[in-house]
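These notes are about the structure you will find just below.
The values are calculated or read from the model by the stated rules, or taken from the named source; none is laboratory data. Because the structure is a prediction, the values reported are computed rather than measured. Quick reminder, even Gly has a Cβ in these numbers, built from the backbone with ideal geometry, and neighbours come from all protein chains shown.
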Amino acid sequence: MFQVDVDYLKKAKKRKDHGKVVILVFLTLAGAVSLLPLIYLVCTAFKPPEELFLYPPTFFVKNPTIQNFKDLTAITANSAVPFTRYLFNTILITVCYIFCLVWLLTMTSYPLSKHKFPGKKGLMSLVTTSMMFIASAAGIPAYLIITSIGIDNTYLVYIIPALANTTCLFLMKQFLDTVPNDIFEAGKIDGASEWQLYQKIAIPLLKNAQATVIILTFGGIWGETGTSTTYIYKEQLRTLGFFMSTIGGGIARTGAGAASGLIMTLPSIIIFIINQSRVQDTMAHSGIK
Amino acid sequence: MSKKEEKKLKKAEANKPVAPKKRFFNVEKRLGYTLHEMWTHKMSYAMVAPFFIIFITFSLLPLLASLGLSFTYWNIFEDPVFNGLENYVYLFVDDALFLKAFTNTLTYAVIVGPVSYIASYFFAWFINQVPDKVRPIYVLAFYAPALTSGVAMAVVWAVMFSNDSTGYLNSLLLNLGLIYEPIQWLQDVNYIMPVVIIVALWSSLSTQFLSFVAGFRGVDRELYDAASVDGVTSRFQKLLYVDVPQTMPQLLFAAVITITGSFSVGGTIAGHPSPEDAALTIMLHLSDYSGTRFEVGYASAIAVVLSVMILGIGRVAFKVLGEKE
């Protein structure tokens with residue numbers, strides 16, 4: 001009798017795994033195809049000149065070399081502003097921006113999702129409307145505002161205007177909406193203050209959303225070139241992305257361009273992996289059950 | 001006080017819970033109530049204030065300005081001149097290129113929007129069933145095209161769709177004997193839009209996809225157990241009865257992102273300007289006027305028309321997927 005039960009369980013387990021295996025195989029195949037651009041980027045960065053201009057072109061690298069990176073170092077050594085200054089600027093701007101953005105959006109999304117204050121609906125519809133409004137024609141009015149405030153030609157111009165990220169705010173608010181209100185009600189009954197509710201309940205629940213926001217915004221601010229060109233006149237305050245974009249051109253620099261492309265993409269990938277592994281079952285970890 | 005009057009008063013009180021005797025007071029009390037409500041929620045205002053100050057200064061004011069500018073002629077160098085609806089009349093009546101841009105954008109949005117939305121959801125759902133340890137690797141694989149944006153992607157696609165026989169696609173088709181001479185993928189007007197759409201689909205798992213991945217992790221595991229007690233057993237049923245309702249906020253967010261993204265498509269693999277403007281989109285048309293010709297008034301009118309389109313479709317998304325209150 002007992003033996004039969006075990007057999008049945010084994011079979012049931014096998015049946016359950018069946019669908020999972022199909023999904024895994026499918027995902028692995030599709031994922032490999034999806035990874036191609038990234039693999040190509042890595043391969044190209046390590047290709048020697050004769051392989052870069054091979055006819056017909058090849059996908060994978062045959063004789064990997066770090067010549068492209070040496071070329072890149074040679075080019076950067078000749079720049080008026082040291083390479084390290086660009087790197088410092090970019091790291092400073094990225095760290096400040098991401099920190100401020102995550103903090104600001106978390107703090108803003110909580111009342112928008114869980115409080116009932118007069119004018120909340122109006123504010124929310126402002127956010128969603130402006131999300132869907134095409135901003136590119138508004139570039140010139142924005143330029144006039146930023147220059148009249150006087151934050152152009154400072155680090156602040158990279159950070160402050162970009163904090164008005166309505167898309168990410170909407171994302172955070174939507175995540176908090178999935179959390180049942182009862183949790184906060186229970187907290188209130190237990191005598192927690194509004195600030196405590198926010199600190200102890202809302203923030204842990206927004207971990208997934210925060211990680212997603214970091215992934216979504218990192219690439220943009222790390223590779224930032226637009227603000228450098230429009231609002232910055234001092235070369236010392238410009239970013240690494242701007243500098244890299246100035247060396248890409250010309251056939252002679254194809255290899256160096258590929259190397260710089262890899263260098264600019266690598267941090268995004270690292271940040272992605274770190275934050276993606278932080279995306280977990282929020283409900284299971286917050287002790288709600 | 002007569003009984004009749006008393007009855008009337010009671011009736012009025014029943015109708016309006018906070019009800020005062022006179023209308024005049026009613027207004028005042030309601031205002032007082034709102035002010036009281038605002039005061040009790042002072043914390044909420046303090047928390048949202050920093051964001052909205054930045055938002056109004058750097059986003060809302062420029063948007064409103066561009067809305068106003070759409071009724072003017074402005075070339076940046078001189079002061080804007082009010083010209084009423086002239087920009088809009090020209091846009092709809094005389095601008096033949098706008099029609100082309102409109103058709104291309106619509107074709108693109110109608111194909112890329114829904115396909116990328118549904119694909120994002122299903123891939124996120126599949127990935128949600130992968131063991132925790134390897135999940136980030138799969139997410140990375142599918143998000144890689146979005147990470148390697150810009151230059152890297154352009155290089156890959158240029159090699160893939162190269163016009164001569166060395167392009168991967170051409171050399172593959174030549175070897176298979178399906179074609180006898182290389183196809184001019186990015187020169188032939190008939191192929192440009194399909195190529196643009198295929199490339200866009202390839203790298204379409206981006207923001208929506210990530211929000212879905214994170215959204216699925218937020219689904220309470222206990223709900224699956226509860227559902228299986230109720231007789232929900234298959235994966236697909238669980239998706240339908242547990243995951244979809246639980247990820248509704250992400251579905252709405254992703255819908256808005258997808259609609260906005262696919263309608264405001266700008267630079268594509270086809271480059272700009274493309275042969276015979278075969279890949280001209282509304283966004284590129286807009287940037288021609290704002291950036292190249294410095295006709296900011298007209299560019300703003302294009303932006304307003306495009307925004308109204310997006311807002312209209314976005315409203316439908318809010319109606320279908322939004323919270324029912």
Practice item. Could you list all residues from region A:31-49 that are aromatic (F, W, Y) and within 7 Å of chain B (Cβ to nearest Cβ)? Key: A:Y40
Check your understanding: Among the residues of region A:109-122, is there at least one that is touching a residue at least 40 places away in the same chain (Cβ under 8 Å), within 30 Å of B:T40 (Cβ to Cβ) and among the aromatic types (F, W, Y)?
Key -> yes
Revision key, fill the gap. When (1) touching a Leu at 6+ places or on another chain (Cβ under 9 Å); (2) at pLDDT 85 or above; (3) small (G, A, S) are applied to A:G241, the one that fails is (1)
Check your understanding: For region A:138-160, does any single residue satisfy the condition of being at the interface with another protein chain (Cβ under 10 Å from one of its Cβ atoms), without any contact (Cβ under 8 Å) to a residue 60 or more places away in the chain, part of a helix (DSSP H, G or I) and under 27 Å from A:K207 (Cβ atoms)?
Key -> no
**Study point:** Residue within region B:29-39 that is at pLDDT 90 or above and part of a helix (DSSP H, G or I) present
**Key:** no
Study note, to complete from the structure: A careful count of residues in region A:107-125 that are surrounded by fewer than 20 Cβ atoms within 10 Å (Cβ to Cβ) and more than 7 Å from chain B (Cβ to nearest Cβ) gives 7
Exercise for review: Take B:V219 and decide whether it is more than 11 Å from chain A (Cβ to nearest Cβ) and at pLDDT 80 or above.
Suggested key: no
Review point. Among (1) closer than 26 Å to B:I302 by Cα; (2) touching a residue at least 40 places away in the same chain (Cβ under 8 Å); (3) within 12 Å of chain A (Cβ to nearest Cβ), which single condition is B:A65 missing?
Key: (2)
Check your understanding: Taking the condition farther than 30 Å from B:D220 by Cβ and surrounded by fewer than 20 Cβ atoms within 10 Å (Cβ to Cβ), does A:A135 pass?
Key -> yes
Practice item. Can you give me the number of residues within region B:254-295 that are in contact (Cβ under 8 Å) with a residue 24 or more places away in the chain and part of a helix (DSSP H, G or I)? Key: 17
**Study point:** Residue pairs meeting the criteria (Cβ under 8 Å; at least 6 apart or on separate chains; first crowded, with 19+ Cβ neighbours inside 10 Å, in region B:69-80; second β-branched (V, I, T) and part of a strand (DSSP E or B))
**Key:** B:T72/B:V81; B:W74/B:V81
Check your understanding: Of all the helices (runs of 4 or more DSSP H) wholly in region A:207-281, which have at least 2 residues that are within 26 Å of A:Y110 (Cα to Cα)?
Key -> A:207-222, A:254-276
Review point. In region B:175-216, which residues are within 14 Å of chain A (Cβ to nearest Cβ), over 30 Å from A:L205 (Cβ atoms) and touching a residue at least 60 places away in the same chain (Cβ under 8 Å)?
Key: B:V199, B:A200, B:L201
Point to revise | Among (1) in a helix (DSSP H, G or I); (2) surrounded by fewer than 21 Cβ atoms within 10 Å (Cβ to Cβ), the one test that A:V81 misses | key: (1)
Review point. Hey, among the residues in region A:175-193 that are surrounded by 16 or more Cβ atoms within 10 Å (Cβ to Cβ) and without any contact (Cβ under 8 Å) to a residue 12 or more places away in the chain, which one's nearest to the chain's Cα centre (by Cα)?
Key: A:T178
**Study point:** Wholly within region B:92-199, helices (runs of 4 or more DSSP H) carrying at least 2 residues that are within 22 Å of the chain's Cα centre (by Cα) and buried (at least 19 other Cβ atoms within 10 Å of the Cβ)
**Key:** B:96-128, B:135-147
Revision key, fill the gap. For B:F142, the lone unmet condition from (1) in contact with a Phe, Trp or Tyr (Cβ under 9 Å, 6 or more places away or on another chain); (2) within 9 Å of chain A (Cβ to nearest Cβ); (3) of a type in the set (A, V, I, L, M, F, W, C); (4) closer than 30 Å to A:V157 by Cβ is (4)
Check your understanding: Restricting to region A:161-175, what's the tally of residues that are more than 7 Å from every other protein chain (Cβ to nearest Cβ) and assigned to a loop (DSSP other than H, G, I, E, B)?
Key -> 1
Check your understanding: Looking at B:F71, B:F55, B:F102, B:F51, which is the one that is touching a strand residue (DSSP E or B) at 6+ places or on another chain (Cβ under 9 Å), among the hydrophobic types (A, V, I, L, M, F, W, C) and at pLDDT 90 or above?
Key -> B:F71
Exercise for review: Take B:L205 and decide whether it is in a helix (DSSP H, G or I), within 17 Å of the chain's Cα centre (by Cα) and either closer than 17 Å to B:G113 by Cβ or not aliphatic (A, V, I, L, M) (or both).
Suggested key: no
